[in-house]
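Undergrad: Please find one structure pasted underneath; my questions will follow.
The values are calculated or read from the model by the stated rules, or taken from the named source; none is laboratory data. Everything numeric here is computed off the predicted structure, so don't read it as measured data. Using ideal geometry, Cβ is built from the backbone for each residue, glycine included, and neighbour counts are taken over all protein chains shown.
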Amino acid sequence: MRLSHVLAAALLAASLAACGSTDQTEAAAEGEHAPAAGDYERGPHNGRMLREGDFAIEVTVFEDGVPPEYRLYAYRGDEPVDPAEVKAQVMISRLDGEKTTFAFRAEDDYLRGTAVLVEPHSFDVVLVAQENGQTHRWAFESYEGRATITDAAAEAAGITTETVGPQDIGEAVEIIGRVELDPAGSAEVGAKYPGPVIAVYRNVGDRVARGTLLARVESSYSLQTYAIYAPISGVISERSANVGSIADSDPLFVISDPSRTVATFPIFPRDIERVRPGQEVLIRGLEGERGQGSVIRDFLPLADAMSQTVTARASLPNRDGFWRPGMAVRGLITVNQRRVPLAVRTDAIQQFRDFRVVFAKIDETYEVRMLELGEEGPEWTEVLGGIKPGTVYAAENSYVIKADIEKSGASHDH
């Protein structure tokens, strides 16, 4: 993730928090029952009180040991009304346009909804109640886990989106290794004939092109001086040549191409049967967000006698020089891969209350979707329920949305 996106995300979260949450409009009577600004009156069962004249309905969502369900309590003159004398209906409209109607039946001292109220509990509500020959109607907002962020602000914060759909996922095997220069991208430069080194023109760290003059040596056979040139382009990684030293069969220079690196991973016995040449591997540093895809290229032929590990190698093209030889890296390999009908990006999943969620995007509004998850892979996680196929959701930097929701106080409340 680019630094500019990190800074933009932080600034966006701070500015959204400073704006505060939008006050919800609710029906309430004047006088002693009027709620404070930004809140609503609560009844004896800690639910939302809706009043019209001397008649009132208390709306609660009961979820203690049962799936969430509506329970309504009726009052006249603040005294309980027999639920058998009241007929009620609740209609909810969700952000994505889905509408649900709930019927009720009398039970004990309340009216019990006949259907489960599925998560998220975020919707516009219309409640109609009939009692004593009169019809009462209320409409109010009941939102949770919802935030509005303009597309321009989301882009500035680095928020990207994906669409819920089928993906290939599998079990993740994490391996730790390091970056090395690719032996195939290095060249040892020696003397053609033994003799004293007369001059040296390049040092360790110098970048040279093919044909660059490196040194001059005087042949011990002919006493003639000859030049030594770079056989490839790259960076001088080793130098043993010094003026006056004797050139023999040992290399005078080693030239390496820093754009050709490999990641080497010691594979422990428990994973040897699951890791194979040709498997895709996602390579990342131990810190930071940068990742690069590659393929397990081969294994070194010998195992380490002490650890019993076998070294796997994966090509790591390095044109911008980000990967430095000796740098520690981790690789994520997906094994036992299979196709699933629904999946979301693993990095998009956030913790919200007791749920693992993603944030669905509808126009410029983001809202939680509580997920039932299956198998989790390094890049994709299987979804068993909680979100509809084809839903657009926040994939990268979704934590910005979570931070805004938490700071604005859009919590689970009824």
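Undergrad: In segment 220-249, what count of residues is obtained for those that are under 52 Å from the mean Cα position of the chain (by Cα) and without any contact (Cβ under 8 Å) to a residue 40 or more places away in the chain? Give the steps one after another, and end with the answer.
TA: Residues of segment 220-249 that are under 52 Å from the mean Cα position of the chain (by Cα), as a first pass: 229-241.
Next, only the ones that are without any contact (Cβ under 8 Å) to a residue 40 or more places away in the chain stay: 229, 233, 235-236, 238-240.
The total comes to 7.
Undergrad: Would you confirm, using the coordinates I've provided, whether residue 344 is under 30 Å from residue 261 (Cβ atoms), outside the structural domain of residue 119 (by TED's automatic domain parsing), modelled with pLDDT of 90 or more and part of a strand (DSSP E or B)? Can you show your working first?
TA: Numbers: under 30 Å from residue 261 (Cβ atoms): no; outside the structural domain of residue 119 (by TED's automatic domain parsing): yes; modelled with pLDDT of 90 or more: yes; part of a strand (DSSP E or B): yes.
No; evaluated as a whole, the condition is false for this residue.
Undergrad: Another question, if that's okay. Being buried (at least 20 other Cβ atoms within 10 Å of the Cβ), small (Gly, Ala, Ser) and closer than 19 Å to residue 119 by Cβ is true for just one of 360, 312, 343. Which residue is that? Step through it out loud before you land on a result.
TA: On the way: 312 fails: closer than 19 Å to residue 119 by Cβ; 343 fails: closer than 19 Å to residue 119 by Cβ.
Testing whether each residue is buried (at least 20 other Cβ atoms within 10 Å of the Cβ), small (Gly, Ala, Ser) and closer than 19 Å to residue 119 by Cβ leaves just 360.
Undergrad: Step by step: first the residues of segment 368-398, then only those that are among the acidic types (Asp, Glu) and either surrounded by 18 or more Cβ atoms within 10 Å (Cβ to Cβ) or outside the structural domain of residue 356 (by TED's automatic domain parsing) (or both), then the one that is nearest to residue 333 (Cα to Cα). Which residue is that? Before the answer, list the steps.
TA: Taking segment 368-398 as the starting set, the residues that turn out to be among the acidic types (Asp, Glu) are 372, 375-376, 379, 382, 396.
Next, from what is left, pick out any that are either surrounded by 18 or more Cβ atoms within 10 Å (Cβ to Cβ) or outside the structural domain of residue 356 (by TED's automatic domain parsing) (or both): 379, 382, 396.
Working: 379: 10, 382: 17, 396: 21 Å.
My answer is 379.
Undergrad: Could you give every pair whose Cβ atoms fall below 6 Å, whose first residue belongs to segment 110-127 and is in the same structural domain as residue 91 (by TED's automatic domain parsing), and whose second residue is modelled with pLDDT of 95 or more and among the polar types (S, T, N, Q), counting only separations of at least 6 or pairs across chains?
TA: Sorted first by the residue in segment 110-127, then by its partner, the pairs are 123/93; 124/93.
Undergrad: Then there's this: Can you pull out every residue in segment 221-273 that is charged (D, E, K, R), surrounded by fewer than 16 Cβ atoms within 10 Å (Cβ to Cβ) and in a loop (DSSP other than H, G, I, E, B)? Break it down stepwise before answering.
TA: Step one: filter segment 221-273 for residues charged (D, E, K, R), giving 238-239, 248, 250, 257, 260, 270-271, 273.
Adding the requirement that they be surrounded by fewer than 16 Cβ atoms within 10 Å (Cβ to Cβ) leaves 238, 248, 250, 270, 273.
Matches in segment 221-273: 248, 250, 273.
Undergrad: Would you check which residues across segment 78-119 are among the charged types (D, E, K, R), farther than 22 Å from residue 387 by Cβ and outside any strand (DSSP E or B) and list them?
TA: Let us first name the residues in segment 78-119 that are among the charged types (D, E, K, R), namely 78-79, 82, 85, 87, 94, 96, 98-99, 105, 107-109, 112, 119.
With the extra rule that they be farther than 22 Å from residue 387 by Cβ, the set shrinks to 78-79, 82, 85, 87, 105, 107-109, 112.
Those that are among the charged types (D, E, K, R), farther than 22 Å from residue 387 by Cβ and outside any strand (DSSP E or B): 78, 82, 85, 108, 109.
Undergrad: With the condition kept exactly as written, say whether any residue in segment 201-210 is modelled with pLDDT of 95 or more, of a type in the set (Phe, Trp, Tyr) and surrounded by 16 or more Cβ atoms within 10 Å (Cβ to Cβ).
TA: No, because not a single residue in segment 201-210 is modelled with pLDDT of 95 or more, of a type in the set (Phe, Trp, Tyr) and surrounded by 16 or more Cβ atoms within 10 Å (Cβ to Cβ).
Undergrad: Taking residue 159 and the conditions (1) within 18 Å of the chain's Cα centre (by Cα); (2) among the aliphatic types (A, V, I, L, M); (3) assigned to a strand (DSSP E or B), which numbered condition does it fall short on, given that it satisfies the others?
TA: (3)
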